[in-house]
Amino acid sequence: MKDSSLREQKAQETKRQILAAAEALFGEHGTHRVSMRNIAAQAHVTTGALYHHFASKEDIVATLKRDRATALGRILEQTRVEHNPLCHLYRFLCALVDYEVSQTGYTMSEFRKSHRGEKVDPVDDTSTLHPIAGLIRQAQEAGMLDTQWPPEDVAFCILYHVLWGVRFEMSINPDTRQECAQMIQRNLDLILRAHLPGTHQRQNQWMEERPS
């Protein structure tokens with residue numbers, strides 16, 4: 001039983017090692033220019049060990065996306081504010097900015113390439129859109145917003161300015177992570193008031209419990 005537990009622990013450590021190596025390579029070279037052999041060499045594992053854990057490069061990319069969705073779900077829960085979806089939204093976006101500036105792999109690589117006009121794999125941001133849209137819908141149902149625009153459309157606009165704004169800044173100045181996060185967070189009030197009509201009169205609904 002003990003040997004089985006140790007083997008499982010070692011397997012999980014190897015998978016994390018492979019994913020970290022792949023994300024670093026994707027961030028530097030893009031997914032199309034990275035091979036499974038490149039990933040194995042970066043992770044210091046044999047190609048046999050790599051294929052034991054992941055069937056293909058696409059499998060690795062899918063795993064990175066699932067891990068992102070899991071991380072965002074955890075952030076959504078950690079920033080929860082009962083009975084105040086606008087405050088919850090504000091806190092979630094602040095935490096999202098911190099999370100985004102810590103990411104240097106797949107999504108950052110794809111954004112850099114799209115900014116240069118290169119052909120890229122689609123970046124799936126549905127894991128970020130859904131919680132934002134859900135909180136906007138809750139605020140609408142609670143009568144906290146004047147807008148009747150579909151929550152998904154409003155969420156997309158907010159996501160564009162917050163999430164993609166971070167990626168743009170990081171693609172230009174990758175060494176200024178903290179400054180980038182602080183700049184975007186300072187602009188959150190303006191972004192929310194611009195896309196959530198009526199909130200300029202109710203700013204305290206999210207400011208009351210804003211993170212320090």
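For the peptides 151-162, 45-56, 86-97, residues were scored by their other Cβ atoms within 10 Å and the scores averaged per peptide; the highest-first order is 86-97, 151-162, 45-56.
Size descriptors for region 1-55: radius of gyration and Dmax over Cα atoms are 12.4, 42 Å. Highest mean first, the peptides 73-80, 136-143 sorted by other C-beta atoms within 10 Å per residue fall in the order 136-143, 73-80. Sort Asp146, Asp98 so that the residue with the fewest other Cβ atoms within 10 Å of its own Cβ comes first and the one with the most comes last. Ordered by Cβ neighbours within 10 Å, fewest first: Asp146, Asp98.
Throughout, read-outs are computed from the coordinates displayed, never taken from laboratory work. Everything quoted here is computed from the prediction, not taken from an experiment. Positions of Cβ are backbone-derived with ideal geometry, glycine not excepted, and every protein chain shown enters the neighbour counts.
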